[in-house]
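The values are calculated or read from the model by the stated rules, or taken from the named source; none is laboratory data. Just so it is clear, the structure is predicted and the values come from calculations on it, not from any experiment. Cβ placement follows ideal geometry from the backbone for every residue including glycine, while neighbour counts extend to all protein chains displayed. For accessibility, only protein heavy atoms count, side chains too; no ligands or nucleic acids. Shrake-Rupley method; radii C 1.70, N 1.55, O 1.52, S 1.80 Å.
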Amino acid sequence: MTDAPPSSETPQAVIRVRGLTVGFGDRLVMNGLDLDLYRGEVLGFVGASGAGKSVLTRTILGLVHKRAGTIEVFGHDLDHLSHLEKMQIGERWGVLFQEGALFSGLTVRQNIQMPMREHLKLSQEMMDGLAAQKLRLVGLPEDAADKFPAELSGGMTKRAALARALALDPEIVFLDEPTSGLDPISAGDFDDLIATLQRTLGLTVFMVTHDLDSLFAICNRVAVLGHGKVAAVGKIDQLLLSDDPWIKAYFHGKRGVVRAGGRPEQPPASQPA
Amino acid sequence: MSAAPSVTRAIDADGIVLSLAGDWTVAHSAALEATADALAEPDRKGGGAILDLSAVERMDTAGAWAIDRARTELDGRGVKASYRGARPEITLLIHEAGYQPIEPPKPTHLSPMVSLLTSVGESVYIAGHDLAEGVSFFGEMVAMTFRLLPFPHRWRWTSMAYHLENYSLRSVPIIALINFLVGAIVMQQGIFQLSMFGASPYAVNLVGVLGMRELAVLMTAIMIAGRTGSAITAEIGSMAMREEIDALRVMALDPLEVLIMPRLVALVIALPVLTFIADIAELAGGLIVSWLYAGMTPIVFITRLHNAITPNTFIVGLIKAPFMAATIGIIAGVEGMDVHGSAESLGQNVTAAVVKSIFMVIVLDGMFAMFFSAVNY
């Protein structure tokens with residue numbers, strides 16, 4: 001299996017997870033998980049609902065305590081960070097939470113400017129301009145800037161949250177189900193945006209998704225989470241050839257075959273919904 | 001580390017050449033903005049300028065925006081500015097994330113006098129609206145009580161028992177403690193002040209009458225408004241924020257019946273019980289202080305108390321409790337249902353619930369005092 005990243009000759013892992021074990025009570029969610037995220041790639045992360053994709057993301061972000069293992073981000077072990085290093089890493093990654101997690105007491109513009117205000121030294125005029133630019137990038141109309149999160153629709157919340165995640169031009173972006181709840185056109189635009197940012201900024205993207213279109217369109221590699229480990233990782237073409245029953249069912253199910261260019265093996269009507 | 005953004009000026013056949021170098025990224029935010037502003041300083045009117053991007057090491061969306069804004073400003077001053085030597089990804093970035101003028105948000109300036117009048121008017125209007133809403137809510141609850149009376153199975157007994165435990169049993173320690181202290185303080189002050197007239201034994205009357213008629217029920221109601229009223233508003237409010245109330249409505253369930261009614265009933269039962277406990281604690285506080293501070297034996301205290309109070313002293317205090325409980329519950333419920341969207345709104349409504357219910361409890365107490373003195377009870 002080749003894990004070659006898309007753009008660089010020598011793969012440089014910006015996130016290196018080794019032997020990660022995470023559990024709640026007597027249930028182990030991660031059991032000795034290893035994972036590399038290379039600079040400049042879009043890594044899609046799939047797994048059954050409840051397999052622990054969000055837990056892994058939150059563990060890497062330091063929101064869930066791990067029981068064992070190491071997580072290195074930009075070469076720094078997350079367990080041994082000074083306050084300053086923590087701040088610096090906080091500037092270098094952006095997160096799009098599943099529910100958006102916009103600050104409900106601030107307008108969209110203030111939400112986007114919040115990380116700028118805290119981490120950067122910029123004039124208010126430039127921050128206003130950059131906030132408008134981020135909104136345009138994610139495809140939100142200009143009048144959305146002065147709305148509060150409670151006034152946004154689900155799709156707009158996602159876009160506004162992405163705009164906030166991009167506010168500091170991070171090197172890594174974590175996306176937790178970014179296209180769920182978006183209409184297919186918006187989801188396609190979203191994929192295009194991620195691809196553009198990856199090309200122009202060299203953005204590294206860690207994307208938890210169930211959207212097969214996203215997986216096929218923009219992911220350089222796809223990792224499959226199963227039984228607390230990365231069950232398989234590689235280019236999507238390689239995963240399509242996998243013998244693992246769950247992976248087969250995932251990509252060759254009735255929703256997967258169309259994208260893979262195949263045809264359903266049996267008529268959909270005969271399959272239980 | 002990375003190099004800060006920089007610009008060098010030169011003149012060649014095409015006009016001014018501004019050679020950009022370094023990292024045009026937010027990591028150098030202050031330098032980025034200053035250098036970009038310097039870019040837009042024109043050396044002369046008219047002519048052309050070339051922004052040479054070939055030496056730029058890294059650029060992000062903020063850098064692209066700042067450079068593109070400088071170019072637009074140069075254009076606006078009649079200096080034809082164009083890019084040269086940009087790598088393909090930088091061209092794409094400037095295209096995607098370039099500068100577009102935004103309309104500055106219009107500041108709304110009102111004279112201080114007008115805004116003062118506006119907020120006074122708004123407060124008055126909101127106060128009237130709150131009163132109407134509270135009365136309508138109260139009416140709904142009364143109507144619902146009568147509607148539900150014939151159907152005991154529709155009363156949510158489990159829920160009521162749960163809330164009753166929360167509101168009454170778990171409040172007993174704090175209610176007993178503060179009322180014990182109030183009783184002790186009133187007794188101590190009474191003995192101290194009345195001794196100047198040689199009337200210190202009458203401090204027992206003070207604790208007995210003042211405590212049982214007013215203080216015990218008032219302290220308990222204020223404590224419950226802070227402890228339970230705030231909890232009710234926060235519970236209902238966070239449910240409203242997360243569309244749980246809407247979920248109840250579409251299941252054809254009345255949120256007032258499911259959520260408010262059990263809490264209100266539990267509160268109406270809990271407050272008189274707690275008031276009774278508060279009475280006992282208050283008298284105990286007085287007894288201890290009179291014994292330790294004035295050397296009055298418990299037997300003497302009880303005898304004097306027996307002469308000072310009648311059953312109606314005790315009943316007057318107790319009668320007020322359910323009305324105060326209903327006031328607290330209704331205000332907490334109205335405020336909870338009124339929460340919209342933001343965490344800030346939840347905080348405001350919880351604050352409003354506590355402040356309003358304490359205020360209303362005291363107003364109610366005053367009205368009862370007038371009523372009881374009018375009927376000589």
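See the values below:
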item: Residues with amide H under 5 Å from that of residue A:45, placed H, sequence gap 5 or more; result: A:207, A:208, A:209, A:223
item: Karplus (6.51, -1.76, 1.60) ³J(HN,Hα), θ = phi - 60°, over region B:238-253, in Hz, Gly and Pro reported as x; result: 6, 5, 5, 5, 9, 6, 5, 5, 4, 4, 4, 4, 6, 7, 6, 9
item: Sparse-neighbour loop sites [trypsin sites (Lys or Arg not before Pro); region A:144-219; at most 16 other C-beta within 10 Å; DSSP]; result: A:147
item: Rounded to 5, the percent of DSSP beta bridges in region B:6-97 classed as antiparallel; result: 35
item: Percent of beta bridges antiparallel (DSSP, the protein assembly as shown, rounded to nearest 5); result: 45
item: For chain A, the longest site-free run once GluC sites (Glu not before Pro) in DSSP loop states with at most 10 other Cβ atoms within 10 Å are removed; result: A:10-264
item: Region A:70-113 - Rg over Rh from alpha carbon coordinates, Kirkwood radius; result: 1.10
item: Spherically averaged projected area in nm², based on the convex hull that wraps the Cα atoms of the protein assembly as shown; result: 44.5
item: Proportion of all alpha-carbon pairs of chain A beyond 27 Å (%); result: 41
item: Average Cα contact separation per residue, region B:145-222, under 8 Å, 6 or more apart, as relative contact order %; result: 23
item: Coarse-grained scattering of region B:144-374 at q = 0.12, 0.13, 0.15 Å⁻¹, given as base-10 log I(q)/I(0) from a Debye sum over alpha-carbon atoms; result: -0.71, -0.79, -0.96
item: Mean-position separation - Cα centroids, region A:66-140 and region B:167-208, in angstrom; result: 57
item: Chain A - percent relative contact order, Cα under 8 Å, separation 6 or more; result: 24
item: Antiparallel bridge percentage (DSSP; both residues within chain B; nearest 5); result: 35
item: Contour minus Cα-Cα distance for residue B:126 and residue B:170 (0.36 nm per residue); result: 12.4 nm
item: Accessible-area composition of chain A, carbon plus sulfur, in percent [1.4 Å probe]; result: 52
item: Partners for residue A:53 among aspartates and glutamates (Cα-Cα distance below 17 Å; same-chain residues under 8 apart left out); result: A:34, A:36, A:99, A:176, A:177, A:211
item: Computed magnitude of the charge dipole of the protein assembly as shown (debye, nearest 20; Cβ of K, R +1, Cβ of D, E -1); result: 1300
item: Shielding by partners - mean other protein chain Cβ count within 10 Å, residues of B:53-61; result: 3
item: For A:198-210, mean number of other protein chain Cβ atoms within 10 Å; result: 3
item: Amide H within-cut-off set for residue A:229, under 5 Å, with H built and near neighbours excluded; result: A:31
item: Unit charges on C-beta of K, R, D, E only; dipole of region B:144-374, Debye; result: 460
item: 5 angstrom amide H check on residue B:81, placed H, neighbours 5+ away; result: B:49, B:75
item: Within the protein assembly as shown, helix-based [θ] at 222 nm, where runs of 4 or more DSSP H residues each add -39,500 (n - 2.57), nearest 500; result: -17000 deg cm²/dmol
item: Region B:6-97: Rg to Rh, with Rh as the Kirkwood radius over Cα pairs; result: 0.93
item: Under the Karplus curve 6.51 cos²θ - 1.76 cosθ + 1.60, θ = phi - 60°, whole-Hz ³J(HN,Hα) for region B:282-289, x wherever Gly or Pro sits; result: 5, 5, 4, x, x, 4, 4, 5
item: Residue (of B:81, B:53, B:94) at the positive-pole extreme of region B:6-97, dipole from beta-carbon charges; result: B:81
item: Rounded to whole Hz, the Karplus (6.51, -1.76, 1.60) HN-Hα couplings of region A:202-213, x for glycine and proline; result: x, 5, 9, 10, 10, 10, 7, 8, 10, 8, 4, 4
item: Per-residue average of Cβ from other chains inside 10 Å of A:118-131; result: 5
item: Nearby aspartates and glutamates by direct alpha-carbon distance to residue B:80 (threshold 16 angstrom, same-chain neighbours under 8 apart not counted); result: B:12, B:14, B:41, B:43, B:52, B:68
